[in-house]
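Novice: Below is the structure I would like to discuss, written out as structure tokens.
The values are calculated or read from the model by the stated rules, or taken from the named source; none is laboratory data. It should be emphasised that the depicted structure is a prediction, and the values quoted were computed from it without experimental measurement. Every residue, glycine as well, gets a Cβ built from its backbone with ideal geometry; the counts of neighbours run over all protein chains shown. The area values use the complete protein model at the heavy-atom level, side chains included, leaving out ligands, DNA and RNA. Shrake-Rupley method; radii C 1.70, N 1.55, O 1.52, S 1.80 Å.
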Amino acid sequence: MPEEDLLELKFRLYDGSDIGPFRYSPASTVAMLKERIVAEWPKDKKIAPKGANDIKLINAGNILENNKTVGQCKAPFDDLPKAVITMHVVVQPSVTKAKTEKKVDEMPRKNFCSCSIL
């Protein structure tokens, strides 16, 4: 693939630091980008994804779907020559884990009324 066709992407983390920039083919999928982000994630961060499913990528205000290609997700104003496209990375723990943790926290509680009638 010619060098001109490659897109240069960097990924902005929650604390303002960046991963990248890296060059990708427009045929690369969002899932491939997420795998690269997990592999390149800085070890010194307190919040870290366990896998690609824990990451949401946002570009031009849109959450990108895993099955879409980079070329399909590119915003119209990203057509500037030699521009680096910045995508925002949001780390969300998987839903199943959050639900099980919530159930464990609620188990010790007992609901009872503490009202007094005089």
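Novice: Is there a residue being under 18 Å from Leu6 (Cβ atoms), at pLDDT 85 or above and either in contact with a strand residue (DSSP E or B) (Cβ under 9 Å, 6 or more places away or on another chain) or assigned to a helix (DSSP H, G or I) (or both) anywhere in the range 38-48?
Specialist: Checked the range 38-48: at least one residue is under 18 Å from Leu6 (Cβ atoms), at pLDDT 85 or above and either in contact with a strand residue (DSSP E or B) (Cβ under 9 Å, 6 or more places away or on another chain) or assigned to a helix (DSSP H, G or I) (or both).
Novice: Then there is this: Of the residues Ile58, Ile19, only one is β-branched (Val, Ile, Thr), touching an Asp or Glu at 6+ places or on another chain (Cβ under 6 Å) and modelled with pLDDT of 85 or more; which?
Specialist: After ruling out the rest, the residue left standing is Ile19.
Novice: Has the range 56-70 got at least one residue that is open to solvent by 80 Å² or more (accessible area, probe 1.4 Å), among the β-branched types (Val, Ile, Thr) and either part of a loop (DSSP other than H, G, I, E, B) or touching a Pro at 6+ places or on another chain (Cβ under 8 Å) (or both)?
Specialist: no
Novice: Looking at the range 39-55 only, could you name the residues that are among the β-branched types (Val, Ile, Thr) and open to solvent by less than 70 Å² (accessible area, probe 1.4 Å)?
Specialist: Answer for the range 39-55, where residues must be among the β-branched types (Val, Ile, Thr) and open to solvent by less than 70 Å² (accessible area, probe 1.4 Å): just Ile55.
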